[in-house]
1. Can you give me the convex hull volume of the Cα atoms of the range 34-156, divided per residue and expressed in Å³?
2. Which order, highest average first, do 15-27, 51-63, 112-124 follow once you tally other Cβ atoms within 10 Å for each residue and take the mean per peptide?
3. Just to be sure I understand the curve: with the Debye formula and one point per C-alpha of the range 212-251, what is log10 I(q)/I(0) at q = 0.15, 0.33 Å⁻¹?
4. For the chain, what is the convex hull volume of the alpha-carbon atoms per residue, in Å³?
5. Using just the alpha carbons, could you tell me how many Å³ per residue the convex hull of the range 5-62 encloses?
6. As an exercise, find the ratio Rg/Rh for the range 212-279 from alpha-carbon atoms, using the Kirkwood inverse-distance average for Rh.
7. From the helices alone, meaning DSSP H stretches of at least four residues, give me the mean residue ellipticity at 222 nm for the chain, per-run term -39500 (n - 2.57), in deg cm²/dmol to the nearest 500.
8. D for the range 137-217, whole µm²/s, Stokes-Einstein with Kirkwood Rh over alpha-carbon pairs at 20 °C and 1.002 mPa s: what number?
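Since every read-out is calculated from the coordinates, none of them should be taken as a lab result. Note that the structure is a prediction, hence the values are computed from the model and not measured. Ideal geometry is used to build each Cβ from the backbone, glycine not excepted, and the neighbour counts take in all protein chains shown.
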Amino acid sequence: MNVKQAETGLRINTGLVTEILVRFLRNEIYRTGFRRAVVGLSGGIDSSVTTYLAAKALGPDNVLAVTMPYKTSSQATSEDSRFVLGALGVRTRNVPITNQIDAYFAMFPDASQMRLANKCARERMTILYDQSAEFEGLVLGTSNKSELLLGYGTQFGDMASAINPIGDLYKTQLYPLGEFLGVPQSILKKTPTGDLWVGQTDEGELGFSYADVDRMLYLMVDRRWQMNELIAAGFDADFVHRVAERVRRNHYKRRLPIIAKLSSRTMDRDFRYSRDWGT
């Protein structure tokens with residue numbers, strides 16, 4: 001398989017990327033009139049990198065990292081979160097979600113694991129937005145480019161945020177960036193998991209590795225290769241079609257709700273301005 005273009009394209013200048021993202025966070029937050037940020041810290045690579053970037057951009061006192069464990073959350077997750085908090089000195093708050101989640105599902109005892117996972121994700125986001133009101137800071141997103149393209153996240157749950165600093169970085173690109181920022185080795189080396197249930201892993205649920213899918217997504221999205229070109233390059237045809245269909249099918253998660261058009265200037269297609277409109 002000729003994946004040299006993908007491997008080359010996925011390499012990042014970690015120092016430059018850090019500088020850009022730190023400036024992005026500072027500028028985008030400051031221009032809204034805020035000076036602080038709130039992050040949901042899970043102990044994984046995505047939220048850890050986001051927290052490190054926020055602390056660098058705004059200063060530790062201006063970052064609130066919120067941990068929100070459910071009863072099935074692993075001890076390793078808790079320990080990794082504590083490592084990040086200890087290393088950065090950001091403000092922190094622990095808000096367990098077991099009681100409210102279990103109270104809801106007591107009414108629906110036959111609910112699937114996916115329903116439980118989605119409910120946990122949305123509960124955590126409501127907590128983050130409530131904490132943001134008290135802390136007077138914007139909620140930062142922790143969804144990477146791989147997850148956004150694949151729709152691997154909960155709409156209005158972990159995919160919701162005011163500003164997302166890592167949404168244009170593929171999952172595999174976060175590891176060298178995390179190493180540059182000083183993210184603990186225990187986080188860099190552990191198997192990616194949303195800690196949604198005991199034994200759950202991202203790659204096990206997706207059915208493929210981030211290394212494989214990131215190479216293909218880079219060529220398909222960033223380089224605009226067609227499916228026949230990807231197959232000719234050596235990617236399995238079933239894998240190509242499966243991933244391409246997943247990207248297409250989950251596009252609704254990557255945009256605001258579609259508004260039925262009745263006027264000459266409809267919000268999602270005619271009345272569109274940049275975030276800094278009027279400043």
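1. 109
2. 51-63, 112-124, 15-27
3. Those come out to -0.28, -1.31, one per q.
4. Spread over its residues, the Cα hull of the chain gives 160 Å³ apiece.
5. Working: hull volume 5.7 nm³, N = 58.
Dividing the Cα hull volume of the range 5-62 by its residue count gives 97 Å³.
6. Answer for the range 212-279: 1.18.
7. -14500 deg cm²/dmol
8. Roughly 158 µm²/s, to the nearest whole number.
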